[in-house]
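See below for the structure under consideration.
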Amino acid sequence: MSLGIVYALVARGPIVLAEHSTTPTNFQQVTHAILSKIPPNDSKLTYVYDRYLFHYIQSNNIVYLCIADDKFGRRIPFAFLQDTIERFVVAFTEAEITTAQSMGLNSFARTLARQMDYFSRSPQDSIQNVRGEISQVKDVMVQNIERVLERNDRIEILIDKSNSLNNAAFAFRKRSTALKRKYWWRNQKLVALV
């Protein structure tokens with residue numbers, strides 16, 4: 001089972017402004033190394049370390065980074081980061097962001113924790129929902145096709161039986177007509193003899 005998003009931070013260059021971790025690990029050391037490698041322009045990228053994926057978006061010289069289990073994929077972590085960007089720029093003014101010291105905006109950690117939990121536990125991944133619905137529709141269609149094929153087989157059996165019955169009725173009519181003629185002639189011969 002995937003752990004989801006286990007660590008998130010917001011940084012201005014190498015200065016971490018807010019962070020939250022759901023597991024006790026050495027993510028701070030690794031993220032500081034990654035923060036030093038991020039180019040100063042706006043970018044979006046994923047790094048791989050051990051069994052974790054480090055996803056980040058840099059926008060307006062602010063880095064929004066999260067760490068997720070490698071089985072968690074990329075779509076949901078980047079949706080989390082986009083949501084984090086929107087919430088962060090609403091929560092703080094540009095002046096607060098540019099002048100904040102290390103961990104100076106860590107009040108945002110509660111928001112990070114809440115959103116990490118939300119995106120990890122109940123991701124509103126519309127593509128997954130659509131895939132699930134498609135799978136259900138596919139199952140229903142397969143069942144319907146099987147029923148149609150079974151019905152078609154039963155119809156073919158009924159057609160075969162009715163053809164067989166029709167042939168038997170025709171043969172019976174022929175034999176009964178022949179027998180009727182035979183006995184009529186026999187009766188005529190007896191009448192003629194008497």
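The values are calculated or read from the model by the stated rules, or taken from the named source; none is laboratory data. Just so it is clear, the model here is predicted, and its values are computed rather than measured. As a convention, Cβ positions derive from the backbone with ideal geometry for all residues, glycine included, and neighbour counts pool all protein chains shown. Just so you know, the surface numbers come from the protein's heavy atoms only, side chains and all, with ligands and any DNA or RNA stripped out. Shrake-Rupley method; radii C 1.70, N 1.55, O 1.52, S 1.80 Å.
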Condition first: of a type in the set (G, A, S), in contact with a helix residue (DSSP H, G or I) (Cβ under 7 Å, 6 or more places away or on another chain) and modelled with pLDDT under 90. Now tell me which residues in region 15-34 satisfy that. S21
Residue by residue through region 75-102, note down the ones that are surrounded by 14 or more Cβ atoms within 10 Å (Cβ to Cβ), in contact with a helix residue (DSSP H, G or I) (Cβ under 9 Å, 6 or more places away or on another chain) and in contact (Cβ under 8 Å) with a residue 24 or more places away in the chain. I76, P77, A79, F80, D83, T84, R87, F88, I97
Between residues in region 1-26 that are of a type in the set (G, A, S) and residues that are in a loop (DSSP other than H, G, I, E, B) and crowded, with 16+ Cβ neighbours inside 10 Å, which pairs lie under 6 Å by C-beta distance while being six or more apart or on different chains? A18/L105
Quick check: is even one residue across region 86-93 touching a Cys at 6+ places or on another chain (Cβ under 8 Å) and either charged (D, E, K, R) or under 12 Å from L9 (Cβ atoms) (or both)? no
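Name the single residue that is surrounded by the fewest Cβ atoms within 10 Å (Cβ to Cβ) among those in region 59-74 being of a type outside the set (S, T, N, Q) and assigned to a loop (DSSP other than H, G, I, E, B).
Step one: of region 59-74, the residues of a type outside the set (S, T, N, Q) are 62-74.
This time we only want the ones that are assigned to a loop (DSSP other than H, G, I, E, B), so: 73-74.
Values: G73: 15, R74: 11.
Ranking the qualifying residues of region 59-74, first place goes to R74.
Please go through region 19-56 and give me each residue that is within 19 Å of A113 (Cβ to Cβ) and not in a loop (DSSP other than H, G, I, E, B), ordered by number.
Taking region 19-56 first, the residues within 19 Å of A113 (Cβ to Cβ) are 19-25, 27-28, 31, 52, 54-56.
Selection gives E19, H20, S21, F27, Q28, T31, Y52, F54, H55, Y56.
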Filter region 1-56 down to the residues that are at positive phi, under 28 Å from the mean Cα position of the chain (by Cα) and open to solvent by less than 70 Å² (accessible area, probe 1.4 Å) and list them by number. G4
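Here's the yes/no breakdown for (1) modelled with pLDDT under 85; (2) touching a Phe, Trp or Tyr at 6+ places or on another chain (Cβ under 6 Å); (3) aliphatic (A, V, I, L, M):
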residue	(1), (2), (3)
G13	no, no, no
S36	no, no, no
V48	no, no, yes
I57	no, yes, yes
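Could you say whether any residue in region 6-18 is in a helix (DSSP H, G or I), touching a strand residue (DSSP E or B) at 6+ places or on another chain (Cβ under 6 Å) and over 18 Å from M103 (Cβ atoms)?
Taking region 6-18 as the starting set, the residues that turn out to be in a helix (DSSP H, G or I) are none.
So far as region 6-18 goes, no, none of its residues is in a helix (DSSP H, G or I), touching a strand residue (DSSP E or B) at 6+ places or on another chain (Cβ under 6 Å) and over 18 Å from M103 (Cβ atoms).
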